[in-house]
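The values are calculated or read from the model by the stated rules, or taken from the named source; none is laboratory data. Small disclaimer: the values here were computed from a predicted structure and weren't measured. Cβ coordinates were reconstructed from backbone atoms using ideal geometry, including for glycine residues, and neighbour counts include every protein chain displayed.
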Amino acid sequence: MEKFVRLDGLVAPLDRANVDTDAIIPKQFLKSIKRSGFGPNLFDEWRYLDVGEPGQDVSQRPLNPDFVLNQERYRGAQILLTRKNFGCGSSREHAPWALLDFGFRAVIAESFADIFFNNCFKNGILPIVLSAGEIDRLFWLVEATPGCRLIVDLERQRVIRTDGETLPFVVDAFRRECLLNGWDDIGLTLRHADLIRAFEDRRRSEQPWLFA
Amino acid sequence: MPQTLYEKLWQDHVVHQEADGTALIYIDRHLVHEVTSPQAFEGLKLAGRKPWRVSSIVATADHNTPTDHWDRGIEDPVSRLQVETLDANIREVGALAYFPFRDPRQGIVHVVGPESGATLPGMTVVCGDSHTSTHGAFACMAHGIGTSEVEHVLATQCLLQKRSKTMLVRVEGVLGKGVTAKDVALAIIGRIGTAGGTGYAIEFGGSVLRALSMEGRMTICNMAIEAGARLGLVAVDEVTIDYLRGRPLAPKGHLWEQAVAAWRQLHSDADASFDRVVDISGDEIRPQVTWGTSPEMVVPVDSCVPDPSSEPDPVKREGMERALRYMGLRARQPIREIRLDKIFIGSCTNSRIEDLRAAAAVVQGRKVADGIRLALVVPGSGLVKRQAEDEGLDRVFRAAGFEWREPGCSMCLAMNADRLQPGERCASTSNRNFEGRQGTGGRTHLVSPEMAAAAAIAGHFCDVDEWQ
């Protein structure tokens, strides 16, 4: 996993609540057995005017000019600003894979769905929760400022606006460490292999029907 | 100190805890399907790791598999590769049980797990599928995980977790005629919202829950994720134990006795306290129909599509307006006037034998309305299908003009050929009415099996309560 320490990136606003993982990456693209290549189909049904299928040459597809990510001013955005309950629905990790492949490294929202939130941390994407008021003000700022950038400082746990205002956020200490260092958490867990084995042995003797 | 069911289950699975409360949780049962596992098996292999405990794995192919012409195999080459990849991975790694495509016991992973007895009370159950919450009906700590976590469980038999807050949703009273577990689930989501359960483990209780069968309890726990909760729970009682007795993978003989004694402890203590309690009157729940593109956009069948102009919150109002545009509906339109193009009875929410019986009872001796282009019944598993056929339900559906299909996820998420065309409107017993969920541009209304069956016959929504 790529480290996440500090990001200075362009912000794209997606002004909707309850953006679900079906919208982030529609099901027809879940047939892939790879982890990469989902970026061209991120938000496929909103981004293109035709029906997307795996294996298409996306450069030939008609773009929806009204969709925010198709607008020139947001080209190259690395921070997605959105509303509450982002990533609800399916557990598909293809959703963060698609965001990452498109170029997003951070998502700022009022709240996130649990499984999506978890999946972000496994892929070097930082999901940041800010209050509804802070989110509202960021939407105004981004709208009013072409080329609006934000600095996301994970070490100090703050989002810094170009006008200098800082917005503190909270991340679990363990997840923060993993992101800052780009740690593979399977490797971390396996350091406790002896504890797992001991737990398992005790469980097997106490509740043998679970191991039949 | 008195504990909630969730706290008991949590405590029983903590292997190790970090200073910030992040815990290593032991996983008893790992359910695997073809869509979210290939990258996990590949990752495991690339890292040179072996699965920790193969006998925890139960696998089946369900999302991509076709529901007709099984003799032709899987015609879509991309889907076929994914299913063959699962075959190859399980062949190489092994599993406690594997129900591959066309196996008589193949089916939707959340139907197959409980019916085979692979899901047992007190377990942690995970699967790379958000509807894993279904298994909480058996007092399991059961939730969906992403592919990285699938790999983590394969490699370590554990997951890194933070403890959730606890919520009790208490549904007291008696359900009216034509009101089902699905309506209870939708009414709960309508009340607390799709983010209402975020960060919580929801325990469902009250006299309504106690009176439900395991099938009904599974329907409600299945939809816990649609309320934002990663997991739903129902305490163990005689209904749970009766359901499990004799299941192929359930314990036998003295182990059964020992297990049952332990399972009887799996309930919240009488004076346990929850972080939040929601009380719902079961008597007041009417058959529900979703009108929008989120499961919280739901109303009783005898009411009208809401009017966005009466919504004070601007973000919500815009969401409602967008939903109405997408759904092709107008504000204040009576729900009963909404006409359907397709009907789907199936999915991990509502494809079990009890669901099919209830739908068949509505359909019996009647014909699907002329305007309906396709009415599908997709049993949740091969065993459900066989039992339904033994009871003659397939003949009831076929005689009415329904198609009787092979088991799988089918038009719940439309990864196979079963889908809506742009603009088509469907009464569906599935769990998500998101934009494009059942096919690009498709319009989904979530309902119970009875309501879907009645809509198929009438051609529009109608109140099963008044069904003669």
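Which residue is nearest to A:GLY87 (Cα to Cα), if the candidates are limited to the stretch B:182-207 and must be within 14 Å of chain A (Cβ to nearest Cβ), outside any helix (DSSP H, G or I) and of a type in the set (A, V, I, L, M, F, W, C)?
This residue is B:ALA195.
I'm checking my understanding of the structure. Among residues of the stretch B:305-328 that are surrounded by fewer than 21 Cβ atoms within 10 Å (Cβ to Cβ), assigned to a loop (DSSP other than H, G, I, E, B) and without any contact (Cβ under 8 Å) to a residue 60 or more places away in the chain, which one is nearest to the other protein chains (Cβ to nearest Cβ)?
Going through the qualifying residues, I end up with B:ASP313.
State all residues of the stretch A:53-64 that are over 17 Å from B:PRO77 (Cα atoms) and touching a helix residue (DSSP H, G or I) at 6+ places or on another chain (Cβ under 7 Å); if no residue qualifies, say none.
Within the stretch A:53-64, A:VAL58, A:LEU63, A:ASN64 meet the criteria.
For (1) within 14 Å of another protein chain (Cβ to nearest Cβ); (2) among the polar types (S, T, N, Q), each residue gets a yes or a no:
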{"site": "B:PHE274", "(1), (2)": "no, no"}
{"site": "B:VAL277", "(1), (2)": "no, no"}
{"site": "B:ARG286", "(1), (2)": "no, no"}
{"site": "B:MET297", "(1), (2)": "yes, no"}
{"site": "B:SER303", "(1), (2)": "no, yes"}
{"site": "B:VAL368", "(1), (2)": "no, no"}
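Every residue, every condition in (1) within 28 Å of B:THR22 (Cα to Cα); (2) free of Cβ contacts under 8 Å to residues at least 40 places away in the same chain; (3) at the interface with another protein chain (Cβ under 10 Å from one of its Cβ atoms); (4) within 18 Å of the chain's Cα centre (by Cα), yes or no:
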site	(1), (2), (3), (4)
A:GLU143	no, no, no, no
A:PRO146	no, no, no, no
A:ARG156	yes, yes, no, no
A:ASP185	yes, no, yes, yes
A:THR189	yes, yes, yes, no
A:ALA193	yes, yes, yes, no
A:PHE199	yes, yes, yes, no
A:GLU206	yes, yes, yes, no
A:PHE211	yes, yes, yes, no
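Consider B:ASP283 carefully, then state whether it is more than 21 Å from the chain's Cα centre (by Cα) and under 22 Å from B:ILE192 (Cβ atoms).
For B:ASP283, the condition - more than 21 Å from the chain's Cα centre (by Cα) and under 22 Å from B:ILE192 (Cβ atoms) - is met.
Specify which of the listed residues (A:ASP153, A:ASP163, A:ASP101) is at pLDDT below 95 and on the phi < 0 side of the Ramachandran plot.
Selected residue: A:ASP163, the only one of A:ASP153, A:ASP163, A:ASP101 that is at pLDDT below 95 and on the phi < 0 side of the Ramachandran plot.
Restricting attention to the stretch B:213-242, report how many residues are part of a loop (DSSP other than H, G, I, E, B) and polar (S, T, N, Q).
1
Got a number for residues in the stretch B:276-304 being in a helix (DSSP H, G or I) and acidic (Asp, Glu)?
2
Does B:ALA360 satisfy the criteria of being out of contact with any strand residue (DSSP E or B) (no Cβ under 8 Å at 6 or more places or on another chain), in a helix (DSSP H, G or I) and hydrophobic (A, V, I, L, M, F, W, C)?
yes
Hey, does the stretch B:36-47 have a residue that's within 20 Å of the chain's Cα centre (by Cα) and over 22 Å from B:LEU383 (Cβ atoms)?
Looking through the stretch B:36-47, at least one residue is within 20 Å of the chain's Cα centre (by Cα) and over 22 Å from B:LEU383 (Cβ atoms).
For (1) out of contact with any helix residue (DSSP H, G or I) (no Cβ under 8 Å at 6 or more places or on another chain); (2) buried (at least 22 other Cβ atoms within 10 Å of the Cβ); (3) in a helix (DSSP H, G or I), each residue gets a yes or a no:
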site	(1), (2), (3)
B:LEU356	no, yes, yes
B:GLY371	yes, no, no
B:ALA375	no, yes, no
B:VAL384	no, yes, yes
B:ASP394	no, no, yes
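For the stretch B:52-69, give me the residue count where each residue is in contact with a strand residue (DSSP E or B) (Cβ under 7 Å, 6 or more places away or on another chain), closer than 25 Å to A:PRO26 by Cα and small (Gly, Ala, Ser).
1
Does B:VAL112 meet the test of being farther than 21 Å from B:HIS63 by Cβ, aliphatic (A, V, I, L, M) and more than 13 Å from every other protein chain (Cβ to nearest Cβ)?
no
On the basis of being part of a helix (DSSP H, G or I), basic (Lys, Arg) and out of contact with any strand residue (DSSP E or B) (no Cβ under 9 Å at 6 or more places or on another chain), does B:ARG210 make the cut?
Yes, satisfied.
Please enumerate the residues belonging to the stretch B:330-354 that are in a loop (DSSP other than H, G, I, E, B) and more than 28 Å from B:VAL378 (Cα to Cα).
Scanning the stretch B:330-354 gives B:ARG330, B:ALA331, B:ARG332, B:GLN333.
Could you please find all residues in the stretch B:139-154 being more than 12 Å from chain A (Cβ to nearest Cβ) and in contact with a Phe, Trp or Tyr (Cβ under 8 Å, 6 or more places away or on another chain)?
B:ALA139, B:MET141
Can you run down the residue pairs with Cβ atoms below 9 Å, 6 or more apart or on separate chains, where the first is in the stretch A:161-177 and β-branched (Val, Ile, Thr) and the partner is part of a loop (DSSP other than H, G, I, E, B)?
A:THR162/A:THR145; A:THR162/A:CYS148; A:THR166/A:ARG156; A:VAL170/A:GLN157; A:VAL171/A:LEU154; A:VAL171/A:GLN157
Every residue, every condition in (1) surrounded by 19 or more Cβ atoms within 10 Å (Cβ to Cβ); (2) within 11 Å of chain B (Cβ to nearest Cβ), yes or no:
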site: A:ASP44; (1), (2): yes, yes
site: A:VAL51; (1), (2): no, yes
site: A:ARG61; (1), (2): no, no
site: A:GLY76; (1), (2): no, no
site: A:LEU99; (1), (2): yes, no
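Among the residues of the stretch A:22-37, which ones are farther than 18 Å from B:ARG419 by Cβ and buried (at least 24 other Cβ atoms within 10 Å of the Cβ)?
Matches in the stretch A:22-37: A:ILE24 only.
For the stretch B:189-210, name all the residues that are under 17 Å from the mean Cα position of the chain (by Cα) and under 21 Å from B:HIS267 (Cα atoms).
B:GLY197, B:ALA201, B:ILE202, B:GLU203, B:PHE204, B:LEU209, listed by residue number.
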